[in-house]
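Bear in mind that the values in this text are calculations on the coordinates, not laboratory data. These numbers were taken from a predicted model, which means no experiment stands behind them. Don't worry about glycine lacking a Cβ; one is built from the backbone with ideal geometry, like all the others, and counts go over all protein chains shown.
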Amino acid sequence: MIRNIKGGLLALLPLTMTLTSVPGWTFEIETHALISSQAFMRSSVPEVLRNLGTDQGSRLSCGLQCGSRPPVEWLQKGARDEDATIAIPPFRYRNHFFDPYYDRGLTVGQVRLGERAPDRALEDRQEFFTQEFSYRDAR
């Protein structure tokens with residue numbers, strides 16, 4: 001009898017694990033910051049900065065409240081800030097995705113959860129009221 005109870009409980013284990021599972025995050029905030037800095041270093045941005053008369057070690061300032069830091073550190077700060085779930089507006093990180101095969105942003109099944117990353121970054125096709133730092137805004 002005890003053997004049957006143990007066998008029954010063991011059979012329920014996979015079902016219990018499936019029903020009580022929690023979603024996992026792809027990247028932690030610091031991982032995203034590190035990936036962003038590596039992308040920066042491997043891109044042509046350091047060369048562009050040199051052509052503009054500065055370099056990747058120069059400190060850039062945005063005013064007294066923000067302080068100053070090198071460009072790669074600003075990029076890391078932006079990656080961290082975008083991933084903050086308490087951001088206003090919330091869930092900005094949903095717009096960090098682009099699937100070039102299907103030409104879409106973050107999508108689960110048939111449900112679109114975010115905009116295409118290039119659209120948000122450039123704002124060349126449409127404007128987003130929650131986007132204040134696009135290429136369009138910089139121009």
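Considering only residues that are of a type outside the set (Ser, Thr, Tyr) and surrounded by 13 or more Cβ atoms within 10 Å (Cβ to Cβ), which ones fall in region 97-112?
Pass one, region 97-112, residues of a type outside the set (Ser, Thr, Tyr): 97-100, 103-106, 108-112.
PHE97, PHE98, ARG104, GLY105, LEU106, ARG112, listed by residue number.
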Q.
If I ask for residues that are among the aromatic types (Phe, Trp, Tyr) and either over 16 Å from GLY78 (Cβ atoms) or in a loop (DSSP other than H, G, I, E, B) (or both), which ones from region 125-139 would you list?
A. PHE128, PHE129, PHE133
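With the requirement that a residue be small (Gly, Ala, Ser) and in contact with an Asp or Glu (Cβ under 7 Å, 6 or more places away or on another chain), what does region 88-125 give you? Let's see the steps before the verdict.
Taking region 88-125 and keeping what is small (Gly, Ala, Ser), we get 105, 109, 114, 117, 121.
Correct list: GLY105 only.
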Q: Run down GLY63, GLY53 and say which single residue is outside any helix (DSSP H, G or I), without any contact (Cβ under 8 Å) to a residue 60 or more places away in the chain and more than 28 Å from PHE129 (Cα to Cα).
A: GLY53
Q.
I'd like the full set of residues that are within 23 Å of THR31 (Cβ to Cβ), assigned to a loop (DSSP other than H, G, I, E, B) and not acidic (Asp, Glu), limited to region 90-124.
A. PRO90, PHE91, HIS96, PHE97, PHE98, PRO100, GLY105, LEU106, LEU113, GLY114, ARG116
